[in-house]
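Take a look at the structure set out below.
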Amino acid sequence: MRTADFDFDLPEDRIALRPAEPRDSARLLVVQGGTLTDRTIRDLPDFLRSGDALVFNDTRVIPARLSGVRERPGPDDQTLTVAVEATLHHRDAPDVWSVFMKPGKRIKVGDRIVFQTLTATVTAKSDDGLVTLRFGASGPALDDAIRQVGVMPLPPYIAAKRPEDDRDWSDYQTVFAQHDGSVAAPTAGLHFTPALLDAIRAKGVSTHAVTLHVGAGTFLPVKADDTADHRMHSEWGTVSPETAAALNAVRAAGGRIVCVGTTSLRLLESAATPDGVIQPFHGDTAIFITPGYAFLAADVLMTNFHLPKSTLFMLVSAFAGLDTMKAAYAHAVATGYRFYSYGDGSLLFRR
């Protein structure tokens, strides 16, 4: 398909710079069978049934944006320095991260990068913009150093409008967050509160955790004119044997699998066999879902509103139908829904 097919107009003032307070007071656009219904996040239990399973991503966002200097030997024993910024993307080894760097074109293999007290060496650079850094610390020591020198990696469409602050350290984490590793929040999960989870469980809905560490590639635009030419960056995830078995039992008993966020959906679809059985999963996934994809695991999807021409808008268009999602987004824009990471939510039923 053409990437231009997934474009839509979005006024700048629809981009949310702060989350709703309280979190579950945000708006919820329910998209079911071509019908659009305006509700709030607190109404989510009304659309769930006893026996359904709610699946959320329990990853935790780390302070993945690092500012530093590139050092390179110059003439007369001088050291040439340039200010740089790295956004962590994927952990490749205990002391190695793939990162996106600015200014990336000026980075070369062998460069020494200094992030305050943390040092790294550029060991590789790929055509897709990723730079490989081998750090001077490893394992938990590297984790501690990143926490000391890094800042919360707000999405570029928020960071361009305001700086990161102390509120973001709590606002940009979900109540599910358990396992460090993401450089972007699984934003549908930001709407949940303990009270909402209690209401969902009281409805007879079971809750289950999977882990997908979201990479910085989630913010990259699709530059190819044809979606078939776009390359997804991989992200690491895991589905435990216990969770896989529980979800298969829910499906066998007639319950629906309700994914909280595109990250949970992408991971379950990666773990599912062609006949829809969810297998334990542990590794990388680069699944790219566009219209025409046959969903194997997910029945319902709760998700925020996504960027024009993004892989995530392509995913929701595959799930609910392109025409339906264009109509839903046009309705959301016209009626003042708030978009992107800190914005409102939608509840999509599979076409």
ask   = Tell me, what is the per residue accessible area of the chain in Å², probe radius 1.4 Å?
value = 42
inquiry  = Just to confirm the number: angle between the C-alpha axis of helix 262-271 and the first principal axis of the chain, 0 to 90 degrees, nearest 10?
reply    = 90
query = For the cross-link pairs Lys223/Lys326; Lys102/Lys309; Lys203/Lys326; Lys105/Lys223; Lys108/Lys161, which exceed 29 Å when the distance is taken from alpha carbon to alpha carbon?
reply = Lys203/Lys326; Lys108/Lys161
Tilt relative to the chain, helix 322-334 - C-alpha long axis, 0 to 90 degrees, to 10 = 80
ask   = Quick one: with all protein chains in place, what share of the accessible area of segment 48-112 is carbon or sulfur, to the nearest percent (1.4 Å probe)?
value = 50
inquiry  = On C-alpha positions alone, give me the angle between the axis of helix 311-320 and the longest principal axis of the chain, in degrees, nearest 10.
reply    = 10
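As a test of the formula, what do you get for the chain when each DSSP H run with n ≥ 4 contributes -39,500 (n - 2.57) and the sum is divided by the residue count, at 222 nm and rounded to the nearest 500 deg cm²/dmol? Could the numbers behind the result be given before it?
Details: 8 runs with 75 residues, N = 351.
Rounded to the nearest 500, the figure is -6000 deg cm²/dmol.
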task = Please work out how much accessible surface Arg49 shows to a 1.4 Å probe, ignoring ligands, DNA and RNA, in Å² rounded to 10.
result = 120
inquiry  = Under 20 °C and 1.002 mPa s, how fast does segment 1-159 diffuse according to Stokes-Einstein, given a Kirkwood radius computed over C-alpha pairs? Answer in µm²/s, whole number.
reply    = 110
key: Full-extension gain in nm, Trp169 to Arg350, via 0.36 nm per residue minus C-alpha separation   = 61.8 nm
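Taking 0.36 nm per intervening residue step and subtracting the Cα-Cα distance, what contour gain separates Glu12 from Ile287 on full extension? Walk me through the intermediate numbers first.
Numbers: separation 275, 0.36 × 275 = 99.00 nm, distance 2.99 nm.
This chain segment gains 96.0 nm when fully extended.
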Solvent-accessible area, 1.4 Å probe, carbon plus sulfur percent, for segment 126-217 = 54
task = Please find the FRET efficiency linking Ser25 to Thr207, where r is the Cβ-Cβ separation and R0 is fixed at 25 Å, and quote it to the nearest 0.05.
result = 0.75
ask   = Roughly speaking, what is the stretch gain from Ser138 to Ala249, that is 0.36 nm per residue apart minus the C-alpha to C-alpha distance, in nm to one decimal?
value = 35.9 nm
task = Tell me the label-point distance for the pair Val149, Asp225, using the 7 Å Cα-to-Cβ offset, in nm and rounded to one decimal.
result = 4.3
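The values are calculated or read from the model by the stated rules, or taken from the named source; none is laboratory data. The shown structure was predicted, so the numbers you read here are calculated from the model rather than taken from an experiment. Quick reminder, even Gly has a Cβ in these numbers, built from the backbone with ideal geometry, and neighbours come from all protein chains shown. Heavy atoms of the whole protein, side chains included, go into the accessibility calculation; ligands, DNA and RNA do not. Shrake-Rupley method; radii C 1.70, N 1.55, O 1.52, S 1.80 Å.
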